[in-house]
Amino acid sequence: MPASHPLSAFVPHDLREPIAGAATGPLTGLTCAVKDMYDIAGYRTGGGSPDWLAAATPAASSAAAVRRILEAGATIIGKTICDEFFFSVTGANAHYGTPANPRAPGRLPGGSSSGSAAATAAGVCDFALGSDTGGSIRVPASFCGLYGIRPTHGRVHLSGAMAMAPSFDVAGWFANGPGVFRRVGQTLLEGSSHPASIEALVILDDAFEQADAPAAALLRSALAAMAGDLPDPRQARVAAEGLDPWRECFRVIQAFEIWGIYGEFIERRRPRLGPGVRERLAFAAKVSQREAEEARKVRARARDQIRRLGKPGTVLALPTTPSVAPRVDVSAEALEPFRANVMRLTCIAGLSGLPQVTIPIGTVSGCPVGLSFLGWAGSDEVLLDLAVRLSRHCGLQG
């Protein structure tokens, strides 16, 4: 896919030609786009940064997830734009531009897997590979009206992929349809699966309080319409002391880990950094080992608390994002509180290491809104089956 494509989803250092997968396999006949954090043999990996790209050499081999996709028969059509060093949830990139949001024109696509989401939403590919640390699959899936999953931490191999914050990093993927969405999971998921019947549904009141009124109303209506496909719900609060302490501990650990990976490069090469990313990396440079250790103690308590509520057989329902996508011309000042609100929601799965699936439940004022279900460790396949079962309820309007 040429970089000049009007969707603006693909990096300028794109593939010379599509890479065909195996002649037979579960994904044969499907096309895939790949976030520019995964190595593809013979190509450089840029991670959203032209300076990182300039210092990179062509990969000797492809990332594990890329190999599995090709071995399953899918054809890779291109490498997609992502937020610089994956350090944003907006989808904007100061160097390569902002991919279009095909389902909400004039609004942000969400990041950092913005190009992969945009390509999928536009129908340029059948599915796309991204990643999720602080919401980089879930946010663009919600904004672009897609199925998306953040798997159980460690269930998709990340060898050959650029890291951000390994305590939270996972691979993930987008699809327009639930069938393809589930098929990709059957290819990529490995390690320990923990299948169980869904016997309990908990609606997270404190998560719903983060959503604006139109989005919350649509999502609650959707849950009511799903009554025949879900257990009788009960209400609960996941964070006894509020979500802000969890959001802050996530922010500190994420910053400490990304600086540990890229700090030396940034200090030595002085790369051009876009607005927002520049300030977050400046904060990351100042996070101390002691601060990170204190944040990890908070994380351990949060993990225990979330997993006690989300035990096997129980799914937790929450908004994927607090609202529809902001407009592309929104001010930086307005984005900061929005980003904090997003992170109150997305940190729950990150801190717990549990899988979260988001489905494109409907629209508010013509813009997509996602509904999420958080499962127990190893329930990824159960959540994919749930997405297929609930897909008949998608398409609501608020």
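The values are calculated or read from the model by the stated rules, or taken from the named source; none is laboratory data. Quantities reported herein were computed from a predicted structural model and do not represent experimental measurements. So basically every Cβ, Gly included, is an ideal-geometry build from the backbone, and we count neighbours across all protein chains shown. Side chains are part of the model used for accessible areas, which takes the heavy atoms of the whole protein and leaves out ligands, DNA and RNA. Shrake-Rupley method; radii C 1.70, N 1.55, O 1.52, S 1.80 Å.
Picking from residues in the stretch 44-62 that are surrounded by fewer than 21 Cβ atoms within 10 Å (Cβ to Cβ) and in a loop (DSSP other than H, G, I, E, B), the one that is nearest to the chain's Cα centre (by Cα) is 44. The set of residues in the stretch 236-292 that are polar (S, T, N, Q) and open to solvent by 20 Å² or more (accessible area, probe 1.4 Å) comprises 288, 289. Restricting the search to strands (runs of 3 or more DSSP E) fully inside the stretch 314-398 and requiring at least 1 residues that are among the aromatic types (Phe, Trp, Tyr) gives 367-374. Scanning the stretch 328-355 for residues that are surrounded by fewer than 17 Cβ atoms within 10 Å (Cβ to Cβ) and either of a type in the set (Gly, Ala, Ser) or in contact with a Gly (Cβ under 7 Å, 6 or more places away or on another chain) (or both) yields a count of 4.
In the stretch 11-39, the residues that are aromatic (Phe, Trp, Tyr) reach residues that are open to solvent by less than 40 Å² (accessible area, probe 1.4 Å) with C-beta atoms within less than 6 angstrom, at least six apart or across chains, in these pairs: 38/63; 38/66; 38/161. The single condition among (1) more than 22 Å from residue 229 (Cβ to Cβ); (2) buried (at least 21 other Cβ atoms within 10 Å of the Cβ) that residue 369 does not satisfy is (1).
Scanning the stretch 226-235 for residues being open to solvent by less than 20 Å² (accessible area, probe 1.4 Å) and assigned to a helix (DSSP H, G or I) gives a total of 0.
Yes/no per residue for (1) over 25 Å from residue 251 (Cβ atoms); (2) out of contact with any strand residue (DSSP E or B) (no Cβ under 6 Å at 6 or more places or on another chain); (3) among the hydrophobic types (A, V, I, L, M, F, W, C); (4) open to solvent by 50 Å² or more (accessible area, probe 1.4 Å):
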{"position": "10", "(1), (2), (3), (4)": "yes, no, yes, no"}
{"position": "14", "(1), (2), (3), (4)": "yes, no, no, no"}
{"position": "17", "(1), (2), (3), (4)": "yes, yes, no, yes"}
{"position": "25", "(1), (2), (3), (4)": "yes, yes, no, no"}
{"position": "37", "(1), (2), (3), (4)": "no, no, yes, no"}
{"position": "66", "(1), (2), (3), (4)": "yes, no, yes, no"}
{"position": "69", "(1), (2), (3), (4)": "yes, no, yes, no"}
{"position": "80", "(1), (2), (3), (4)": "yes, no, no, no"}
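Within the stretch 87-120, the set of residues being open to solvent by less than 10 Å² (accessible area, probe 1.4 Å), outside any loop (DSSP other than H, G, I, E, B) and not hydroxyl-bearing (Ser, Thr, Tyr) comprises 115, 117, 118, 119.
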